[in-house]
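Single-structure report; data block below.
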Amino acid sequence: MRIWAVANQKGGVGKTTTAVTLAGLLSQQGHRVLLVDMDPHGSMTSYMGYDPEGDGSSLYSLFHGGSGPVDEMIRKTQCKMISIFTASTALATLDRQLGTQDGKGLVIARGLAQVNDDYDYALLDCPPTLGVLMVNALAACHYLIVPVQSEFLALKGLERMMRTISMMNHARMQPIPYLIVPTLFDRRTRASGQALDNMKERYPETLWNGIIPVDTQFREASRAGRPVSLLSPRSRGSLAYDELLQDLLVFDLPGSRAKTG
Ligand SMILES: Nc1ncnc2c1ncn2[C@@H]1O[C@H](COP(=O)(O)OP(=O)(O)OP(=O)(O)O)[C@@H](O)[C@H]1O
Ligand SMILES: [Mg+2]
């Protein structure tokens, strides 16, 4: 199983949309996909039809020693090849409860190791804050996708994320290979073009050379509880994520020279 995390310390940049859409596209290629909702807000959990306020099996119990084997904590979705590890709002209390306890940074890595053979890809949807959940995702992943909204203010959040990556690289055996993905690109506005130019200048090595456009189909897809690639496969947004996926499948080949910045 390959593990991809989707993270940025800024909210509303398209993290959840990126994880769900890539999951849809991977499943359409015949891959078995596990979504992992690591955000206490549970946007991905709601997207896939579950209630983050509910008390069913969730990541929270994994952090507290688990309530049985991991495969029994994972739920099916209405998409045949996609399963989900749901989030619950209780996850918000983890940082206070666990503090900096040793070993708590590897809970997700160890949990996912139990289902290594059951899935081809795991996609981890991170919260927009640096805490025990994001640290776990960055410790567990083989590859990191950093969506960045194509606007000036989003670049500040990106700088914070870059600092987090270098901090994590000190703790990991290998640096995290990552790709910055410009999202919510609106070609009618100058702001989008300028933000993209700025990213190209500052992150020439690690910036994806495509863009994800603004597309109203994403909202429709989340309302329908399905990835946009299954709902409107020919939409601009879906086609753009398909291009992204083709590149990710090359960049994340084990042993290939990954982009590390
Ligand atoms: N390319 C796009 N075009 C149009 N709308 C989009 C696009 N990407 C995401 N959205 C919409 O923008 C909103 C925020 O997206 P999303 O939830 O994926 O961001 P996020 O980074 O996960 O946010 P949070 O930090 O709150 O978890 C959602 O309503 C989503 O449907
Ligand atoms: Mg989200």
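Listing for the model above:
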{"read-out": "Spans of helices (runs of 4 or more DSSP H) in region 164-232 with at least 2 residues open to solvent by less than 80 Å² (accessible area, probe 1.4 Å) and small (Gly, Ala, Ser)", "value": "190-202, 217-224"}
{"read-out": "Of residues in region 117-150 being out of contact with any strand residue (DSSP E or B) (no Cβ under 9 Å at 6 or more places or on another chain) and not hydrophobic (A, V, I, L, M, F, W, C), the one most open to solvent (accessible area, probe 1.4 Å)", "value": "ASP117"}
{"read-out": "Given (1) closer than 25 Å to PRO227 by Cα; (2) over 15 Å from the mean Cα position of the chain (by Cα); (3) more than 16 Å from ligand 1 (Cβ to nearest atom); (4) surrounded by 13 or more Cβ atoms within 10 Å (Cβ to Cβ), number of the condition ASP71 does not satisfy", "value": "(4)"}
{"read-out": "Within region 35-53, tally of residues that are surrounded by fewer than 23 Cβ atoms within 10 Å (Cβ to Cβ) and either in a strand (DSSP E or B) or among the aliphatic types (A, V, I, L, M) (or both)", "value": "0"}
{"read-out": "Residue tally, condition in a helix (DSSP H, G or I) and within 22 Å of the chain's Cα centre (by Cα), over region 84-106", "value": "10"}
{"read-out": "Of the criteria (1) more than 16 Å from ligand 2 (Cβ to nearest atom); (2) touching a residue at least 24 places away in the same chain (Cβ under 8 Å), which one MET173 fails", "value": "(2)"}
{"read-out": "Failed item in (1) of a type in the set (Gly, Ala, Ser); (2) more than 17 Å from ASP39 (Cβ to Cβ); (3) within 14 Å of ligand 2 (Cβ to nearest atom), with SER150 passing the rest", "value": "(3)"}
{"read-out": "Residue match in region 4-27 (condition: within 16 Å of ligand 1 (Cβ to nearest atom), within 12 Å of the chain's Cα centre (by Cα) and aromatic (Phe, Trp, Tyr))", "value": "yes"}
{"read-out": "Only one of LEU94, LEU106 that is aliphatic (A, V, I, L, M) and buried (at least 20 other Cβ atoms within 10 Å of the Cβ)", "value": "LEU94"}
{"read-out": "Odd one out for GLY157, checked against (1) on the phi < 0 side of the Ramachandran plot; (2) within 16 Å of ligand 2 (Cβ to nearest atom); (3) touching a helix residue (DSSP H, G or I) at 6+ places or on another chain (Cβ under 9 Å)", "value": "(3)"}
{"read-out": "Complete set of residues in region 131-159 that are within 13 Å of ligand 1 (Cβ to nearest atom), modelled with pLDDT under 95 and either assigned to a helix (DSSP H, G or I) or over 24 Å from ARG187 (Cα atoms) (or both)", "value": "ALA154, GLY157, LEU158"}
{"read-out": "Filtered residues of region 48-67 (kept if modelled with pLDDT of 85 or more and of a type in the set (S, T, N, Q))", "value": "SER61"}
{"read-out": "Answer residue from region 7-34, given it is within 12 Å of ligand 2 (Cβ to nearest atom) and assigned to a helix (DSSP H, G or I) and is surrounded by the most Cβ atoms within 10 Å (Cβ to Cβ) among those", "value": "VAL20"}
{"read-out": "Considering residues of region 116-125 that are farther than 15 Å from SER58 by Cα and either in a strand (DSSP E or B) or in contact with a helix residue (DSSP H, G or I) (Cβ under 8 Å, 6 or more places away or on another chain) (or both) only, the residue nearest to ligand 1 (Cβ to nearest atom)", "value": "LEU123"}
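The values are calculated or read from the model by the stated rules, or taken from the named source; none is laboratory data. All figures in this text were calculated on a predicted structure; none of them were measured in a lab. When we count neighbours, we look across all protein chains shown, and the Cβ atoms used for this are built from the backbone with ideal geometry, even at glycine. Heads up: the accessible areas ignore ligands, DNA and RNA and are worked out on the full protein's heavy atoms, side chains in. Shrake-Rupley method; radii C 1.70, N 1.55, O 1.52, S 1.80 Å.
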